[in-house]
Amino acid sequence: MKKLFALMICLMLACVCSCTALAAPDMLTVDELISFCDYLLDEALKEEPAAAEPYEEGGYVYDYGAFAIYTQESSLYSQLQGVAFSGLGELSDMRGVRNGDSLDALLAAYPLDNGQLSGTYDEATLYISGVLPGVVNTGRVVRTGSRVLVAEHDIYASEGERVEKCCVIYTLEDNAVVAVQILLDAQEMSLEEAQAEIDRVAALQEKDEYSAYRSETPEPLAREDLSFGEVDFLTATPDGMAALLGAAESDTWENDGDAYLRVMQWNGIQAVFAYDSARNLAGLDVLEVYSEELEGPRGLRVDDLMESVLGRFTREAETGVLYGDGVTAPYGRCDVYDGGAQAVYAAQTDEGTVLLTLGFVDGRLAEMTCARQ
């Protein structure tokens, strides 16, 4: 009986720990920002004095290399306006975020009500909490498709008819944090002005024009993935691509035995359409992308890091056969050679097998080719 009781206690504790681990992060608070800024100010006071330089946004900045301090006047003892740090290092912010952390790690440090980052191609709302008058928290990202450039977390705190806005801004490259800036008094505004900003973030929250592919357990390449921007590989037409990309820079016909091929080229993009002997369109046969103009399946872009690319599909091995048998669709495989690598993903569709071939040079995606087998 004692052993059974002890086992039950252990199970209960394990359940509590699991629930705690899964608990969503709390909303950012002004006290968090102030405490972290005060911490860096204390660190600055331990360093050799740095010269105060006028800051373009107003006030002064003290650059200590690993971090910077913003003050209202040319004295570290004047009102603290914010802090910043950039470059790789050991310094982490009040949420444990440091330079070099991935976008996923950054998103995990804050509340997130929009796991697929649905919004527009240019931005998405992460969350909104609270109402004015009172305290309102908002989070949003600025991006170019699958690449997030900036993540901003704002706090609107009202006092009477005025609202103080403070924020933390993360700058990203290759979906990894490269700089952090905290502003304690980013802006003072009226209740109406603050509500207008919050309303814009709320309107963005309702948009579903673009979603980023995010999954902790990525699946094999499938029919629904076979899109390049607005170009669906299996239903694309020459007129449709011309409407999207403009007139082709080159448009030529080639005889292929009893059929024809139409080769259309744009900057960094080549599409090969198949036709029968009477020049009736059979479909897009091959699409090659060498530029960043078109996003590929699951938001792939030329110049993406190889690890990021491979992480968007099922991966049961580092290289070689990634999933399946490497011969019959669905499968994925990756072969590495000096200076580069090539990954091939095969998807079975109602129209037959489609191959997505990804070429890497120096650890970055250099080209994408989609073709009917």
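If you go through region 184-191 one residue at a time, do you hit one that is exposed (fewer than 14 other Cβ atoms within 10 Å of the Cβ), under 26 Å from the mean Cα position of the chain (by Cα) and not charged (D, E, K, R)?
As a first pass, look at region 184-191 and keep what is exposed (fewer than 14 other Cβ atoms within 10 Å of the Cβ): 188, 190.
This time we only want the ones that are under 26 Å from the mean Cα position of the chain (by Cα), so: none.
Taking every residue of region 184-191 in turn, none turns out to be exposed (fewer than 14 other Cβ atoms within 10 Å of the Cβ), under 26 Å from the mean Cα position of the chain (by Cα) and not charged (D, E, K, R).
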message = Looking only at region 319-341, filter to residues that are assigned to a loop (DSSP other than H, G, I, E, B) and farther than 16 Å from Gln373 by Cβ; which one of those is nearest to the chain's Cα centre (by Cα)?
response = Thr319
Complete set of residues in region 342-373 that are in contact with a Gly (Cβ under 6 Å, 6 or more places away or on another chain) and either closer than 19 Å to Ala317 by Cα or assigned to a loop (DSSP other than H, G, I, E, B) (or both) = Gln342, Tyr345, Phe360
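To keep it simple, each residue is scored yes or no on (1) acidic (Asp, Glu); (2) in contact with a Leu (Cβ under 8 Å, 6 or more places away or on another chain); (3) not assigned by TED's automatic domain parsing to the domain that holds Ala248.
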site	(1), (2), (3)
Asp276	yes, no, no
Asp304	yes, yes, no
Gly311	no, no, no
Thr328	no, no, no
Gly340	no, no, no
Glu351	yes, yes, no
Leu358	no, yes, no
Met368	no, yes, no
task = May I ask you to verify whether Thr217 is surrounded by 12 or more Cβ atoms within 10 Å (Cβ to Cβ), more than 19 Å from Tyr290 (Cα to Cα), among the hydroxyl-bearing types (Ser, Thr, Tyr) and out of contact with any Phe, Trp or Tyr (no Cβ under 9 Å at 6 or more places or on another chain)?
result = no
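Can you say whether Arg315 is of a type in the set (Lys, Arg), in the same structural domain as Ala346 (by TED's automatic domain parsing) and farther than 20 Å from Asp362 by Cα, as far as the supplied structure shows? So that I can check it myself, show each step before the final result.
Values: of a type in the set (Lys, Arg): yes; in the same structural domain as Ala346 (by TED's automatic domain parsing): yes; farther than 20 Å from Asp362 by Cα: yes.
For Arg315, the condition - of a type in the set (Lys, Arg), in the same structural domain as Ala346 (by TED's automatic domain parsing) and farther than 20 Å from Asp362 by Cα - is met.
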query = Just wondering, is there one or more residues in region 196-206 that are surrounded by 15 or more Cβ atoms within 10 Å (Cβ to Cβ), assigned by TED's automatic domain parsing to the domain that holds Glu159 and more than 21 Å from the chain's Cα centre (by Cα)?
reply = yes
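The values are calculated or read from the model by the stated rules, or taken from the named source; none is laboratory data. Quick caveat: nothing in here was measured; it's all calculated off a predicted structure. For neighbour counting, all protein chains shown are included, and Cβ atoms are generated from backbone atoms with ideal geometry for every residue, glycine included.
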